[in-house]
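The values are calculated or read from the model by the stated rules, or taken from the named source; none is laboratory data. Just so you know, these numbers come straight off a predicted model, no measurement behind them. Positions of Cβ are backbone-derived with ideal geometry, glycine not excepted, and every protein chain shown enters the neighbour counts.
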Amino acid sequence: MKRFYKDAACITVDAGFAIQLDGRPVKTPARNALLLPTEQLAEAIAAEWAAQGGDIDPATMPLTALAQGTLDQVIHERDRIVSRIAAFSNSDMLYYRGDENQQALADHQAEKWDPLLDWARQRYDVSFTLTRGIIHQEQSKETISRLSEAVEGQDDFTVAAMLSLVGLAGSLVAVLALVEGAFDADSLWPLVNLEELWQEQQWGRDDLAVETREIKWAEFLAAERFLTLSRT
């Protein structure tokens with residue numbers, strides 16, 4: 001789409017903050033008002049619109065996309081989306097360790113992942129059943145319930161960020177630690193990519209895998225920034 005405006009600005013409205021292009025309010029793809037909870041998030045989204053060149057490139061506007069997803073999907077389909085996120089409580093990547101032929105990997109996973117699980121045990125009063133290999137291991141009903149409640153208790157903008165983050169990380173525990181401020185993005189990213197990084201150490205660098213990981217890292221940082229700005 002060609003750029004059709006000169007100026008992008010953040011304005012204060014009764015319901016929060018909004019974006020205007022040449023004085024006209026921006027709407028979401030579903031024609032909802034693009035209303036934002038904080039001035040900081042609104043300013044950052046206005047900056048994405050202002051930074052566009054002759055053509056509007058949605059790929060360079062991740063905060064806008066996350067805000068649109070909040071207003072068009074999360075608010076109207078909250079139960080379904082919360083359930084998608086909470087499902088990771090029963091399939092978190094941190095539960096699965098190297099099998100009996102991968103003892104060195106299993107030891108490395110225990111060293112790096114166990115502090116994160118220990119945080120969750122204490123924070124949510126849960127227990128985890130760990131397994132060797134990739135065969136699914138059912139978690140207790142109490143653990144699933146308490147981690148699900150932790151997701152349900154978040155506001156809509158946080159839920160939108162969590163949906164993106166959990167898909168990239170494969171770990172609800174890691175995402176909850178980020179949401180709670182117990183771990184930061186720089187600390188968590190190597191943990192959720194531990195097995196891939198381990199394989200690189202053993203067998204050498206795979207340029208395609210590194211490129212893919214860097215793209216996902218940029219998406220992870222964008223979702224983390226959205227999370228932070230929506231709460232400031």
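The table that follows gives values for the structure above.
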item	result
Only listed residue being free of Cβ contacts under 8 Å to residues at least 12 places away in the same chain and closer than 19 Å to Glu180 by Cα, chosen from Arg121, Arg80	Arg121
Subset of the range 43-71 (residues that are within 19 Å of the chain's Cα centre (by Cα), crowded, with 16+ Cβ neighbours inside 10 Å and assigned to a helix (DSSP H, G or I))	Ala44, Ile45, Pro62, Leu63, Thr64, Ala65, Leu66, Ala67, Gln68, Gly69, Thr70, Leu71
Residues located in the range 83-118, provided they are outside any helix (DSSP H, G or I), surrounded by 15 or more Cβ atoms within 10 Å (Cβ to Cβ) and touching a residue at least 12 places away in the same chain (Cβ under 8 Å)	Ser91, Asp92, Tyr96, Arg97, Gly98
Residue within the range 169-179 that is more than 17 Å from the chain's Cα centre (by Cα) and in the same structural domain as Asp125 (by TED's automatic domain parsing) present	no
Checklist (1) under 27 Å from Ser140 (Cα atoms); (2) hydrophobic (A, V, I, L, M, F, W, C); (3) outside the structural domain of Glu138 (by TED's automatic domain parsing) applied to Leu66, failing item	(1)
Residues (over 19 Å from Leu63 (Cα atoms) and outside any helix (DSSP H, G or I)) located in the range 142-183	Gly153, Gly170, Ser171, Glu180, Gly181, Ala182, Phe183
